[in-house]
There are 4 protein chains.
Amino acid sequence: MTQKFKDYKTNEESFKWLKEARDQKWAEIKSSAKWVDFIMSKKFDRRFYGIYLLETYHYVKENPRHQAIISLRDTDAPINYLKFCYEHAEEETGHEMMAHHDLESLGLNSDDIDITMPLASTEILIAYLYRISQYGNPLRRLGYSFWAEDSYQYIQDLLGAISENLSLDKKNMTFLVSHSTIDEKHSKEIEEMIIRFCKGPDDFESILEIMNVTLTLQSNMIDEVVVEYQKLVENKSTKYGFLNKLTE
Amino acid sequence: MTQKFKDYKTNEESFKWLKEARDQKWAEIKSSAKWVDFIMSKKFDRRFYGIYLLETYHYVKENPRHQAIISLRDTDAPINYLKFCYEHAEEETGHEMMAHHDLESLGLNSDDIDITMPLASTEILIAYLYRISQYGNPLRRLGYSFWAEDSYQYIQDLLGAISENLSLDKKNMTFLVSHSTIDEKHSKEIEEMIIRFCKGPDDFESILEIMNVTLTLQSNMIDEVVVEYQKLVENKSTKYGFLNKLTE
Amino acid sequence: MTQKFKDYKTNEESFKWLKEARDQKWAEIKSSAKWVDFIMSKKFDRRFYGIYLLETYHYVKENPRHQAIISLRDTDAPINYLKFCYEHAEEETGHEMMAHHDLESLGLNSDDIDITMPLASTEILIAYLYRISQYGNPLRRLGYSFWAEDSYQYIQDLLGAISENLSLDKKNMTFLVSHSTIDEKHSKEIEEMIIRFCKGPDDFESILEIMNVTLTLQSNMIDEVVVEYQKLVENKSTKYGFLNKLTE
Amino acid sequence: MTQKFKDYKTNEESFKWLKEARDQKWAEIKSSAKWVDFIMSKKFDRRFYGIYLLETYHYVKENPRHQAIISLRDTDAPINYLKFCYEHAEEETGHEMMAHHDLESLGLNSDDIDITMPLASTEILIAYLYRISQYGNPLRRLGYSFWAEDSYQYIQDLLGAISENLSLDKKNMTFLVSHSTIDEKHSKEIEEMIIRFCKGPDDFESILEIMNVTLTLQSNMIDEVVVEYQKLVENKSTKYGFLNKLTE
C-alpha cells in the first residue's frame, strides 16, 4: 500500500492525497509520454486528430455501459452508490456522438467514417474498464472518473497546440472541450462519492490503482494513435485511408 | 398479429388500443385468477401478506437491473431511449427495501427475515424479464412498465380487502401503496416513450405480448404465494416458518 | 422440503426417490396436459409438427449455452462438475440442427423457414434455464438434464401417434428419436453426477424443483404449439403461414 | 494489414507466415524484455517464482471461461468451432490448480497462500482475453492459444535458469513444464482450427494481432512480477509478505 494511505486518518485527508497523486501521475505523463512531445512539436495534420477522434468514439461509447454494470452485480455497495452509477451512466450516454460530430465537422460525410474495430490499445482500455467494473471493489471505478471528469487543468496546453496547429475552432472540438472543461458538477459529484462511500485505506488504494492504470492505458492509446498516424503518412495504413480526405 | 394492430394508423391510436388491451387483461385476471378470489374471501392472516412481501422483495430487486441491461446491448435503439432506461433504473433502485420495511413494520426483526431463494414462479417472472431485456425488440420491456407503473385503478379493491382483513395501516403498505398509486410522472413517461419510439405495428405487438405475459407471470406468482400460505397454515412449510411470528 | 428428502439417508436412495418423482410428474402431465390429449386424438396435420420443430429449434439452440454458463460463475462447485458442464455443452452443440433438418425433410427449403422469434412459452422455458444456471445452487440444472436426457420411456406412445397420424418415417424425426431414445451414456452420466456431487437433502430438493418446473414449462410450450396450430387452421396466424406449404 | 497477409494465397501458406511472426515476436521479447534479463541474471530467490505462480493462478483460472464464452455469442461461427471452444474449455479447467500445487510444493500451506486480487497487469491480460472473446472476430482468440499452447521452444533456456537458480525439481514446476512442453495434441489442434476455419487474410490478421498483443501483455505481467519481487526484497510490499516464508 502507498505510504500515504497507510497513514490514513480521514476520507477528507485521503482525498487530498489522491488529488496529489493525480497531479503526480499527470506530471509523469506530461514529461515522458511520446504523444505529448508529438503534439507539442506541432508536426502533424488533421488526420492525427481524426484517428484520435475515432478511437475516442470507441471507448467513450462503452463508458455508460461499464458504469452501469457495477449496479448489476451482487455486492454490498450502498443503494445511493448504485443510484449514482445509473445516473452517471445516463449522463454519459451518447457522448461518443460528440467525437463523431467533430469528425464530420472536419469535412467527412457520415458514410465516409469507417467505424470498424478500435486499435488494440483502445480495446485494452475498454476491456480493463469492463473488468474492474465487474470484479473487485465496486468503488474502484471511481478512480477512472476521478481523472476523466477533471482533466482540463492538465491538458490545456495540449489542446491549445492541437487547435493552433490544425486551425480548429470550437465547433471542431466539442468532445475535447466539453470533456476537459472542469465540469464543476461532475467533478464535485465524484469527490462526494469518494468521501461519502470509502471506508478506509483499502478503498482509497483501489481507487488510486485504477486512476494510475487507466491514465497509463489512455496514454498508451494516444501513443498508438501517433503510430497509426505515421503509418498513414507513409502510406502504410489501409484502415484509416478514408482520413486522407482531410488533407485534400 | 392482433387485429387492432394490423389496422395500425398512428402511434396515438395504437396506444389507445394498448390501454384497452390492458383493461381487458386485468378483467380476465380479476374474473378468473385464484388469488383474486382468495383475497376477496378475506380468509387469511398476516402470513399471506408476509410471503407476498418476500416474493415482491425478490423480483423488485431485479427491476432496475434488467431495465438497465437494455442499454448495454448493441442495438439501434435511439440514444434517448437508452438514457430513459438508465434513468428509470436509477429511480427503481432500492424499491425492494420498501417491501422489506413493510415486513419489519409487521413486527419482524431484520434478522428474522430469511431472504433465501424466491419461489419458482417468482424466478420465472425474474428470468423472463431478464430474457426479454437482453434479446429481441429493445422496446418490448415497455410492456412490463406499462402495467407495473399504473396498476392502482385495477387493484384498489384488492388492496382494500387486504388492509381491512389484516387491520393494516399505511405504514405497513408502503410498497403497495406507493407502487400502485397512479404515478402520474412514471405512467406519463412510459406513454411518452411508447408513442415517441414505436415505429409501427410490430413494436406495439411486441409491447402487447410482454404486457400480457408478464401480467400472467405476476398473477401466477401470487397464486403460488397462496399455495405456500396454505402449506404454512397446514404446518407443511419450513421455509416460511419464521412468518409464524406474525400470528402470535 | 419434500417429505422423502427430509428423511435423507444416502445419495443412492435419494436418487431412487428422484426417479419416482419423475415418474409421478410425467404421469400427471400424461393425464392432464391438453397437448397430450390433442396428440392422442390424432386430429392434426404436419403443420402442428412443424410449429413444434420450430420451437424446439429455438430452445435446443440455447441448451449448450446455459449448460456452459454454470462453469463461468464463481462458485465452489468441484472442478469435475465444471468439466462435465463444458463437456456436456460440447455434446449438445448443434442439436437444434436436427430439428431444422426434420423441418426441411418435410419439404421446406431452408429459405422458407422463418426462424424469427420463439413463442412466449418457449422464451419462458429458455429464460428460466438461463436463470437457474446463473443463480442459486450450481447443481440444480441437473434436474433439467435428468428428464431431458431420458424421456423415451414416457413419450413412446405420443411419438407413435404423431408418426402414424402424419405418416412420418425416421428421417423426419431425427430430433425426437435421437433425443428420446434412452441415451444410455448421457442418462448414466447425469445419474453419476447427481450421486457424486450432491451433498445432502438440499441439493436433491433443488434438483427436484428444477425437474418439476422445467417439465411443466416444456409442457406449457407444447400447449402453446397447439394453440398456434389452431390459429393456423383458422387462418388467424401470419407468423407460421409458411408452414401451410406442408399441407399442399 | 501486414504485408504478408495482403499477399494471401492459401491458409497453409498464411499459417506458415503466422508461425514466422510468432518466432519474430518471441525474438523481440527475448532481446528486449526486462524480465528476460532478470531471469537470465539468476539474481532472485524463490519469492520471485512465488509471485509468478500467484499471478499465473489468477489468469489461468479464467482461460476456460473466456474460451467457452465465444460459443455463447450469436455469431455465424461454424458449429465445429463452437464445439472446439467448449472442448478446449473443458481441457483447460482446473489448470490453475497446478500453479497452486507448485506454490504448496515450495513449502507453503494452502492457508498461507493469499489469493486476493491479481496485479494490474494480470487483470489487464485477463480483461483483454475476455473482451476479444466477447467481441469482434470469433476466431481471433486462436491467436492466444497459438502461442500459449506451444511455448516450450521459446522459453526452455528461461525455465532452465529458474530451475537451476532456485534448485527446483519437476514437482515444483508442474504448471510450467506441462504447459510449455510442446503439447503435440493441443498445438496440432490449434493449427487445424486455424487452417480449417479461416476464410481469408482478415481472419489471419485478427489472429496475428491477438497473438502479438497477448504476448506483450503476458510479458508486461512478468515485468510487474519483477517489480513486485523487488518491493518484497526491499520490504516495501505487504501483499506478498506471506511469501517471505519461502526464504526462511
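The values are calculated or read from the model by the stated rules, or taken from the named source; none is laboratory data. Model, not experiment: these values are computed from the prediction. Glycine also receives a Cβ, built like all others from the backbone with ideal geometry; neighbour counts cover every protein chain displayed. Ligands, DNA and RNA are stripped out before the accessible areas are found, and what is left, the full protein with its side chains, is counted by its heavy atoms. Shrake-Rupley method; radii C 1.70, N 1.55, O 1.52, S 1.80 Å.
So here's what we get for this one:
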quantity: In region A:70-96, the residues that are open to solvent by 10 Å² or more (accessible area, probe 1.4 Å), at the interface with chain B (Cβ under 7 Å from one of its Cβ atoms), within 19 Å of B:TYR81 (Cβ to Cβ) and part of a helix (DSSP H, G or I); calculated: A:LEU72, A:GLU87, A:GLU90
quantity: Check on C:ALA27, among the aliphatic types (A, V, I, L, M), surrounded by fewer than 23 Cβ atoms within 10 Å (Cβ to Cβ) and in contact (Cβ under 8 Å) with a residue 24 or more places away in the chain; calculated: no
quantity: Residues satisfying the stated conditions in region C:107-122, i.e. assigned to a loop (DSSP other than H, G, I, E, B) and either under 22 Å from the mean Cα position of the chain (by Cα) or within 20 Å of B:ASP202 (Cβ to Cβ) (or both); calculated: C:ILE113, C:ASP114, C:ILE115, C:THR116, C:MET117, C:PRO118, C:LEU119
quantity: Pairs where the first residue, in region D:152-171, is among the aromatic types (Phe, Trp, Tyr) and the second is outside any helix (DSSP H, G or I) and modelled with pLDDT under 95, C-beta under 9 Å, 6+ apart; calculated: D:TYR152/D:THR181; D:TYR152/D:ILE182; D:TYR152/D:ASP183
quantity: Test: B:ILE79 is of a type in the set (A, V, I, L, M, F, W, C), under 15 Å from A:GLU90 (Cα atoms) and touching a Gly at 6+ places or on another chain (Cβ under 6 Å); calculated: yes
quantity: All positions within region C:8-19 that are open to solvent by 80 Å² or more (accessible area, probe 1.4 Å) and free of Cβ contacts under 8 Å to residues at least 40 places away in the same chain; calculated: C:LYS9, C:LYS16, C:LYS19
quantity: Some residue of region C:73-88 being touching a helix residue (DSSP H, G or I) at 6+ places or on another chain (Cβ under 9 Å), closer than 18 Å to C:LEU215 by Cβ and not basic (Lys, Arg); calculated: no
quantity: Residues of region B:30-43 satisfying the condition of being of a type outside the set (D, E, K, R) and open to solvent by 20 Å² or more (accessible area, probe 1.4 Å); calculated: B:SER31, B:SER32, B:PHE38, B:MET40, B:SER41
quantity: Residue list for region A:104-143, restricted to those being surrounded by 23 or more Cβ atoms within 10 Å (Cβ to Cβ), within 8 Å of another protein chain (Cβ to nearest Cβ) and hydroxyl-bearing (Ser, Thr, Tyr); calculated: A:TYR128
quantity: Pick from region B:207-223, criterion more than 13 Å from B:GLN24 (Cα to Cα), within 12 Å of another protein chain (Cβ to nearest Cβ) and polar (S, T, N, Q), ranking: farthest from the chain's Cα centre (by Cα); calculated: B:ASN220
quantity: Number of the condition not met by D:ALA148 [criteria: (1) in contact with a Lys or Arg (Cβ under 8 Å, 6 or more places away or on another chain); (2) closer than 30 Å to A:THR116 by Cβ]; calculated: (1)
quantity: Condition check for A:HIS66: within 14 Å of chain D (Cβ to nearest Cβ) and open to solvent by less than 30 Å² (accessible area, probe 1.4 Å); calculated: yes
quantity: Only listed residue being away from chain B (no Cβ under 14 Å), surrounded by 19 or more Cβ atoms within 10 Å (Cβ to Cβ) and at pLDDT below 95, chosen from A:PHE5, A:PHE48; calculated: A:PHE5
